[in-house]
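Data first, discussion second: the structure below is written as structure tokens.
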Amino acid sequence: MPDLEYIFHPKSIAIAGASRNPQNPVNFFYLNALTQFGYEEELYLIHPKASELSGLKVYPSIMDVPGPVDHVICGIRASLTPQLMRECVAKGVKLVQLFTAGFSETGQEKGIRLEREIAEIARQGNVRVLGPNCLGIYCPDSRVSYVSSFPKESGSVGFLCQSGGNSYDLIHLGAARGVRFSKVVSYGNASDINEAELLEYFTHDPQTKVIIGYIEGTRDGRRLTNALQKATEAKPVIMLKGGATEAGNRVAASHTGALAGSNATWSSLFHQLGVMQVYDLQEMVDSILLFLHLKPLTGRKAGLIGIGGGCSVLATDVCTREGLTIVPFPLELREKLREIMPDELDPGTSMRNPVDVSGLGWYPDIFSKALETVANYNGIDFVLTYVTVPIGKGGSRRVNGHINSLIATKKRVDKPIATVLQRNDIPEVANVAFNLQNKCAQAGIPVFPSFDQAARAINRFAQHYER
């Protein structure tokens with residue numbers, strides 16, 4: 001296991017580049033984030049002219065800080081970084097995280113040489129470097145963060161991300177759907193600490209149960225391949241490869257200086273090693289939810305149950321198109337369901353697969369019995385339920401009862417269950433859906449906003465275990 005545990009739990013942090021200007025990005029990402037997120041260890045500010053910023057004493061240089069410094073965040077101009085790195089070596093700093101950009105990602109010889117220079121100073125001085133051109137570390141347990149609005153609760157997803165912006169977006173997307181993270185690292189140009197070393201760390205990290213990553217390229221394909229192989233043998237690994245097209249490859253080179261390589265090569269590598277490959281951030285979150293909440297699937301046969309005949313048709317089409325199987329229910333099972341939902345109660349119901357419970361789906365006891373009956377049928381491998389969030393107070397009350405019934409039933413059955421919670425853009429409906437989504441996440445039920453997202457994610461999930 002790489003000796004990286006200390007980078008997530010610094011006992012002291014120094015920020016070089018904080019400013020009197022409240023719009024300064026160094027203030028936003030680090031000074032404000034660390035103080036508002038609740039970092040309780042020593043925090044030092046470095047500025048050659050200021051004496052105080054945000055109520056904190058400011059020191060002219062790293063060398064003037066009275067105590068030891070574990071972690072330095074660098075937000076100064078690129079041309080000044082070699083001198084800062086020399087001071088960090090003299091001070092005995094363990095990690096320098098370079099928010100500063102203007103290095104190899106520029107493609108210019110000056111920036112490339114400068115990155116090599118600071119990396120060599122750090123290597124000779126036994127200082128680890130994260131970046132340049134990165135946002136750094138988010139670790140809820142140690143209250144280290146580069147955004148104050150990230151969740152303070154720790155989770156079990158470890159995330160290595162070459163892009164700072166993508167890390168920002170995915171953490172927020174995941175948080176909205178109940179995903180919590182053990183540790184996140186935005187590592188930028190990877191002049192020292194890179195994707196392979198981070199993979200090796202997360203493979204052995206007991207807090208991390210699912211490893212996810214956004215990678216634009218690598219400088220050590222052999223080490224990365226070995227790291228991926230060992231990681232997939234231990235835990236689920238989900239990867240989003242940036243620069244998958246020729247045009248995207250060019251952009252990746254100017255973003256982090258990465259040599260993205262052939263997309264066919266990367267896809268083949270992921271496939272051979274059992275890495276789940278996704279193609280955007282939403283798909284990443286969809287896949288995470290399944291690994292967090294569902295046990296491994298033994299097949300692709302789906303039992304569909306929900307409210308609405310039209311939804312049943314669409315669900316069938318989408319699931320079939322994505323490679324899932326909608327098996328017709330046998331007569332014996334249909335007769336059991338008809339006893340629960342006789343025609344005289346609602347002639348609009350359908351007992352085939354999908355099971356359209358129609359208006360009876362708003363009766364918690366009836367829906368619960370029907371769902372349990374479907375889930376206990378041995379001819380399916382998982383259950384996908386679906387409901388549309390209706391408008392109005394009465395609709396909110398009905399859908400809450402429906403979801404409560406779903407959660408209660410899930411506790412009584414062993415079959416994997418996921419749900420599609422369809423909503424529109426009306427704020428009232430969106431708020432109700434968000435609360436229900438959180439309720440399901442806490443109960444261990446993955447929620448998807450559409451049939452397409454659900455079916456695509458479940459298909460990949462099934463493929464993962466088939467491999």
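Which FRET efficiency value, to the nearest 0.05, is calculated for ASP414 and GLU42 with the Förster distance at 41 angstrom and r the Cβ-Cβ distance? E between ASP414 and GLU42, to the nearest 0.05, is 0.25.
Across the alpha-carbon atoms of the chain, the computed radius of gyration and Dmax are 25.6, 84 angstrom. With R₀ set to 41 Å, the beta-carbon distance separating ASN400 from ALA234 gives a calculated FRET efficiency near 0.55. Taken about its Cα centre, region 301-466 carries a charge dipole of about 420 debye when Lys and Arg each add +1 at the Cβ and Asp and Glu each add -1 at the Cβ.
Counted residue by residue at 0.36 nm each, then reduced by the alpha carbon distance between them, the extension gain from SER350 to GLN272 reaches 23.8 nm. Over the residues of the chain, the helix contribution to mean residue ellipticity at 222 nm works out to -12500 deg cm²/dmol, using -39500 (n - 2.57) for each DSSP H run of at least 4. Distance between the pseudo-spin-label points of HIS9 and LEU173 (7 Å out from Cα toward the beta carbon): 3.2 nm.
Taking a straight line from the alpha carbon of LYS57, these lysines sit under 16 Å away, with near neighbours fewer than eight places off in the same chain left out: LYS49. Magnitude of the charge dipole for the chain, about its Cα centre and with charges confined to Cβ atoms of Lys, Arg (+1) and Asp, Glu (-1), is about 220 debye.
Exposure proxy for ASP70, ASP425: other Cβ atoms within 10 Å of each Cβ, ordered fewest to most, give ASP425, ASP70.
The modelled label-to-label distance between GLN108 and ARG223, using points 7 Å beyond Cα along the C-beta direction, is 2.9 nm. Can you return the aspartates and glutamates within cross-link range of LYS11? Criterion is Cα-Cα under 14 Å, with same-chain partners fewer than 8 residues away left out. Within reach: GLU40, GLU41, GLU42, ASP70, ASP141.
Applying a DSSP loop filter and a limit of 13 other Cβ atoms within 10 Å to the trypsin sites (Lys or Arg not before Pro) in region 21-121 leaves LYS49, ARG77.
Calculated FRET efficiency, ASN438 to ASP64, Cβ-Cβ distance, R0 = 45 Å: about 0.45 to the nearest 0.05. Determine the distance separating the Cα centre of region 20-68 from the Cα centre of region 104-143; give it in Å without decimals. If you average the Cα positions of each part, the centres end up 20 Å apart.
Each value in this text was obtained by applying a stated rule to the coordinates, not by laboratory testing. Since this is a predicted model, take the numbers as computed values, not measurements. Neighbour counts are summed over all protein chains in view; Cβ atoms, including those assigned to glycine, are modelled from backbone coordinates with ideal geometry.
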